[in-house]
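Step one of this worksheet: look at the structure below.
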Amino acid sequence: MIRIGVDVGGTFTDLIFIHEEKGESWVHKVPSTPSDPSEAVITGVTEICGMANISPSQIDQFFHGTTVATNIVLEHNGANVGMITTEGFRDILHIARHKRPYNFSLYQDLPWQKYPLVKRRNRMVVPERIDSDGQVIIPLDEEKTREQVRKLKDAQVDAIAVCFLFSFKNIEHEERVKEIILEEYPEVYLSISNEVLPQYREYERFSTVALNAFIGPKTSNYIKRLRNNLKESGLKTELHLMQSNGGISTSEAAAEKPVNLLLSGPVAGLIGGINAAKKAGFYNVITLDIGGTSADIGVAPSGEMRMRHLLDTMIGQYNAMVPMVDIDTIGAGGGSIAYVDEGGIFRVGPQSAGADPGPASYNRGGQLPTSTDANVLLGRIRSDSKLAGGLELKSELAEKAYETHIVNKLNIKTLDAAAGALKIMTHNMVNAIEMNSVRKGYDPRDFVLVAAGGAGPLFACDIAEELNIPHVVVPPYPGITAAMGLLSTDITYEKVLTLWGSLSNPDIGHISRTFNQIEKEASEALKDDGINENDILMKRICDCRYAGQGYELRVDAPDGEINQEWVDTVINRFHQAHEREYASQFPDQEVVSINVRVIGIGLIKTNKEESVKDKPVTKQAEAVFHPVYFWVNDQLEKLETAFYQRDEISTGTELSGPAIIQQKDSTTVLPPNITATFDQHGNIVIDMTRKIAAKNDKFAAFTKE
């Protein structure tokens, strides 16, 4: 089987090509094309197929991770959206939850009001009302509905969102409105709440459905354009896209519900990092995927991805109540710009030089100093290195950028400015990892740090030292870890319905019927994607809380017949989950299941444990020595440092720092006083224990004084 994974980042587009029968693999990077990301995808696919001497028509599986949907939200350049909703509820999107980003500020912009997903003039109301039991109180006024649809057509909206109260209990009115829209305005993009999110919590549901409409036209057009371009290049297999929940979907399903793609890119990096750590023998994993624009941070205790609470699933301050893996992204990457702010403070990021023009040292017109330029000035990235896409570095341009924008303003030395920029970036990422680990009850000392992305291995050891993380794992091709993650998952659909039923006094028949309904929906969706029934798995979940609480916890529910024993198992698991999350449980309190979910999994037949095969090493690795600047005893010192080519290092080799390991897609920095071993899977396993012990001993001696 021939598989390809393509991950589009802000600076580079990463590709991995695996030929399982031959046991061969190829990796490739091309500069991203922000104006149309599909151009870089097509270029990369064509080039990597040429490297493998394979025609695109021979590819069996094609997987894609993209940030197109996320960027539309963050840049506020989505569709002109119209909405049809229940009379009297026009302003739900404006009022929201009355939450303020800054509680004590009298002057602040509320993002959902300053950049509304649906302008007020495009929010239309119609007479209709369904109660909380699903009973029709006020019939739908079809003539008024038709009139409002015509108004939206005259306003030339690109998409229409339809959200009625309690439509998750009775879809009758929304379905009729959909029919009317298709009669009056068939070319418009539709986002219907009972299809996108049949779940209670009116504001979050309205926001999610409006967000789906906001990103829908551009995202679906991108997917269709990419699919057509791939077919023109000869690709015959289906295009699959990574979803925010860690599963993949077909291009048709992704185009219908693009809101499920909002974390498409970052999730793949976490999956790839977890797989690399497991092969190296580590199961508590922190992944740090640093690209050219941003750093994605994930924490996976026991190698399991954590899901965000559905009320915390936000993108750019907009609620998107869809399943999302718990990943945080900060503006820290190879292209992060160093600058002195108006108050004279030295800062780095979140602004990025991106792919165009890129860092100053790329010699593509960039004038501003970046973290990549800092690494060039400190000797960690050699100016004679050739990066992906054939980029040649110019150290004199990096020096000029730092002198102009940092050195002259702060009256410091150029090397101190470069080292300071890297210190600031390291500090920002340490804080972000602590937010995702320490503040959520996890001790980083119990985890391994997986350094991914083109810039991850440059910073990993410094970050691990700050957090006392004992080991760092650098995958075989860190720059394409996210692309590798794309090849390690299955087709997944998560179906949900609001149950709002007591488990302490259960209506077992109602619970069983609800699960059967959504299991059938998930199964049909997978069969429509060509998955055989024998390759379909179902996972049940209940969103539970104690009666009177305002928030739920996801609880895994057993398979098999739903009876009293099944209910008792769910209740016991909820008590345990509540104890784990809040350090308390209340066995005497009534337990309520608000929503029930089914995750339908369609198994992709492939060898997901396949390692990326390195080319055989035919000669002993030889070091070339160059001066590199490192922090030694809080002083910046120039040390003669061994430079190695990673593809020349054989399995079992042990190296000691200071050393630099170069490869096409990344550079790994080994500071003094640490050791690294190359395992049988191609990973670099870095032992930080000696360096951390020395640091802690020094701190202990200082405190005694």
State which residue is nearest to residue 550 (Cα to Cα) when the search covers only segment 561-600 and only residues that are open to solvent by less than 40 Å² (accessible area, probe 1.4 Å) and part of a helix (DSSP H, G or I).
578
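Condition check ((1) open to solvent by 40 Å² or more (accessible area, probe 1.4 Å); (2) touching a helix residue (DSSP H, G or I) at 6+ places or on another chain (Cβ under 6 Å); (3) part of a helix (DSSP H, G or I)) across all residues:
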residue: 373; (1), (2), (3): no, yes, yes
residue: 379; (1), (2), (3): no, no, no
residue: 398; (1), (2), (3): no, yes, yes
residue: 408; (1), (2), (3): yes, no, yes
residue: 417; (1), (2), (3): no, yes, yes
residue: 430; (1), (2), (3): no, yes, yes
residue: 435; (1), (2), (3): yes, no, yes
Among the residues of segment 203-250, what is the count of those that are in a helix (DSSP H, G or I) and either open to solvent by 40 Å² or more (accessible area, probe 1.4 Å) or touching a His at 6+ places or on another chain (Cβ under 7 Å) (or both)?
9
Yes or no: segment 663-686 includes at least one residue that is closer than 22 Å to residue 447 by Cβ and open to solvent by 60 Å² or more (accessible area, probe 1.4 Å).
no
Among 35, 25, 57, the single one that is on the phi < 0 side of the Ramachandran plot, free of Cβ contacts under 8 Å to residues at least 24 places away in the same chain and among the small types (Gly, Ala, Ser) is 35
Collect the residues in segment 282-298 that are open to solvent by 20 Å² or more (accessible area, probe 1.4 Å) and either free of Cβ contacts under 8 Å to residues at least 24 places away in the same chain or in a strand (DSSP E or B) (or both), keeping them in residue-number order.
283, 289, 296
Condition met for residue 366 (in a loop (DSSP other than H, G, I, E, B), without any contact (Cβ under 8 Å) to a residue 40 or more places away in the chain and over 16 Å from the mean Cα position of the chain (by Cα)):
yes
Inside segment 256-273, can you point out the residues that are of a type in the set (A, V, I, L, M), open to solvent by less than 10 Å² (accessible area, probe 1.4 Å) and part of a helix (DSSP H, G or I)?
259, 261, 267, 268, 270
Every residue from segment 302-326 that is in a loop (DSSP other than H, G, I, E, B) and either modelled with pLDDT of 80 or more or within 22 Å of residue 273 (Cα to Cα) (or both)
304, 305, 306, 308, 313, 320, 321, 322, 323, 324, 326
Meets criteria (of a type in the set (Val, Ile, Thr), over 25 Å from residue 270 (Cβ atoms), touching a residue at least 12 places away in the same chain (Cβ under 8 Å) and open to solvent by less than 50 Å² (accessible area, probe 1.4 Å)) for residue 86:
yes
Which one of these does residue 544 not meet: (1) open to solvent by less than 20 Å² (accessible area, probe 1.4 Å); (2) assigned to a strand (DSSP E or B); (3) under 30 Å from residue 250 (Cα atoms)?
(3)
Any idea which residue in segment 23-53 is farthest from residue 359 (Cα to Cα), counting only those that are in contact with a strand residue (DSSP E or B) (Cβ under 9 Å, 6 or more places away or on another chain) and open to solvent by 50 Å² or more (accessible area, probe 1.4 Å)?
24
Report whether or not residue 339 is more than 24 Å from residue 13 (Cβ to Cβ), of a type outside the set (A, V, I, L, M, F, W, C) and in a strand (DSSP E or B).
yes
Does residue 446 satisfy the condition of being surrounded by fewer than 24 Cβ atoms within 10 Å (Cβ to Cβ), out of contact with any Cys (no Cβ under 9 Å at 6 or more places or on another chain), in contact (Cβ under 8 Å) with a residue 60 or more places away in the chain and of a type outside the set (S, T, N, Q)?
yes
From 178, 169, grab the single residue that is in contact with a Ser or Thr (Cβ under 8 Å, 6 or more places away or on another chain) and surrounded by fewer than 24 Cβ atoms within 10 Å (Cβ to Cβ).
169
Can you tell me which residue within segment 108-151, out of those that are open to solvent by less than 90 Å² (accessible area, probe 1.4 Å) and among the hydroxyl-bearing types (Ser, Thr, Tyr), is nearest to the chain's Cα centre (by Cα)?
132
All but one of (1) under 22 Å from residue 45 (Cβ atoms); (2) open to solvent by 10 Å² or more (accessible area, probe 1.4 Å); (3) in contact (Cβ under 8 Å) with a residue 60 or more places away in the chain; (4) not hydrophobic (A, V, I, L, M, F, W, C) hold for residue 198; state the number of the condition that does not hold.
(1)
Out of (1) modelled with pLDDT under 90; (2) touching a helix residue (DSSP H, G or I) at 6+ places or on another chain (Cβ under 7 Å); (3) over 22 Å from residue 251 (Cα atoms), the one residue 69 does not meet is (3)
Quick check: is even one residue across segment 91-105 open to solvent by 20 Å² or more (accessible area, probe 1.4 Å), outside any loop (DSSP other than H, G, I, E, B), under 26 Å from residue 160 (Cα atoms) and without any contact (Cβ under 8 Å) to a residue 40 or more places away in the chain?
yes
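The values are calculated or read from the model by the stated rules, or taken from the named source; none is laboratory data. Note that the structure is a prediction, hence the values are computed from the model and not measured. Every residue, glycine among them, receives a Cβ derived from its backbone with ideal geometry; neighbour counts consider all protein chains shown. Accessible surface areas use protein heavy atoms only, side chains included; no ligands, DNA or RNA. Shrake-Rupley method; radii C 1.70, N 1.55, O 1.52, S 1.80 Å.
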